[in-house]
Amino acid sequence: MENIIKPKVYIAKKISKEAEDYIGEFCDYDKWDSDKRITRTELLNKLGDKEGVLLSGIKIDEELLHHASKLRVVSDASVGYDNFDLKVMKEKNIIGTNTPSVLDNTVADLIFGLMLSTARRISELDNYVKDGRWTAEDDKNLFGVNVHHTTLGIIGMGRIGEVVAKRGKLGFDMDVIYNNRNRKPEIEENLGVKYCDFDLLLQKSDFIVLMTPLTKDTYHLIDFAEFKMMKESAIFINASRGETINEQALIEALQNKKIFGAGLDVYEKGIVGSKSLLLKMSNVVTLPHIGSAVEETRNDMSMLAAKNLVQALLGETPVNLVSELK
């Protein structure tokens, strides 16, 4: 019987056993077996003879591909792929895939969690009670603002944006407006949402949800001028990429009460520094980038990333080949 030579791959992050077993059916693999995130140096040392790699968020650039001369496929277990140097990957004919769709509802849940927590000051008032400062008096200092029957402005009407729009429109009776690179007539018709000029959206919205990918055009998309356009009662939510906003401009807007508050799951420098003023502000909800952090969702992402990897290595066109590399 002829021996079948399986492609060699490296699994550079913890994935579900189901996904690992699936890869093992078709590939010879090594894996990163620690709860700590693999360092770039450690990854470079592992890729010398590998044809495929499954990872998340690590920069794929000229340096890495120089160390991985046999690499053909990079399967990223995330929606965003701004870690891909698309020009270099295209030049070297490297296949790149991501994992959209499977986390849409999970991230939309988190976005509404941020909206509700910020509007009703839930984390702030949780600490207020636990610190023993609550009295029986009905204190106006504890008042928040409504989410229902307000205006929700979504910047970036991709798959997650559509799910957020649906929740806002049908669940909270919100007026939903959006701005996107391309209009979505079908979404407008089906959900009753309205396309809006970017500046006008900033001026009209009670809640502004930023959901754009990070590109050269969206870097610091929300800056000093944009925060100045917002209502003083506006709540800003960022669950996209940290570098889509100028964090210093956000801090100034919050300090000077140019906006009511902010809910953040991402930060400009990746991890928010312990000295950041954002951590000292009671009108900011800060989360540790947990958009998809639900076991069921992460397992689904692992499995999809595994299937993308195997499809590509077997010579098939993976369903989730990133559009710029088609």
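The values are calculated or read from the model by the stated rules, or taken from the named source; none is laboratory data. Quick caveat: nothing in here was measured; it's all calculated off a predicted structure. Neighbour counts run over all protein chains shown; Cβ positions are idealised from the backbone, glycine included.
Before moving on, here are some points about what is shown:
- Test result for Glu247, assigned by TED's automatic domain parsing to the domain that holds Gly113, surrounded by fewer than 21 Cβ atoms within 10 Å (Cβ to Cβ), under 23 Å from Gly168 (Cα atoms) and among the acidic types (Asp, Glu): no
- Number of the exception - Val272 against (1) modelled with pLDDT of 95 or more; (2) farther than 20 Å from Tyr10 by Cβ: (1)
- Pair list, Cβ under 9 Å, 6 or more apart: the stretch 70-84 residue basic (Lys, Arg), other residue at pLDDT 95 or above and assigned to a strand (DSSP E or B): Lys70/Lys8; Arg72/Gly52; Arg72/Ile95
- Within this structure, Ser75 fails the test of being within 18 Å of Arg298 (Cβ to Cβ) and surrounded by fewer than 19 Cβ atoms within 10 Å (Cβ to Cβ).
- In the stretch 150-191, the residues that are farther than 30 Å from Thr99 by Cβ and in contact with a strand residue (DSSP E or B) (Cβ under 8 Å, 6 or more places away or on another chain): Thr150, Thr151, Asp175
- Residues located in the stretch 293-307, provided they are within 14 Å of Asn105 (Cα to Cα) and part of a helix (DSSP H, G or I): Glu295, Glu296, Thr297, Arg298, Asp300, Met301
- Condition check for Thr106: at pLDDT 95 or above, part of a loop (DSSP other than H, G, I, E, B) and within 13 Å of the chain's Cα centre (by Cα): no
- Ala19 vs. criteria farther than 30 Å from Lys216 by Cα and buried (at least 17 other Cβ atoms within 10 Å of the Cβ): yes
- Here Thr41 passes the criteria (1) surrounded by 13 or more Cβ atoms within 10 Å (Cβ to Cβ); (2) over 26 Å from Asn299 (Cβ atoms); (3) at pLDDT below 95 except the one numbered (1).
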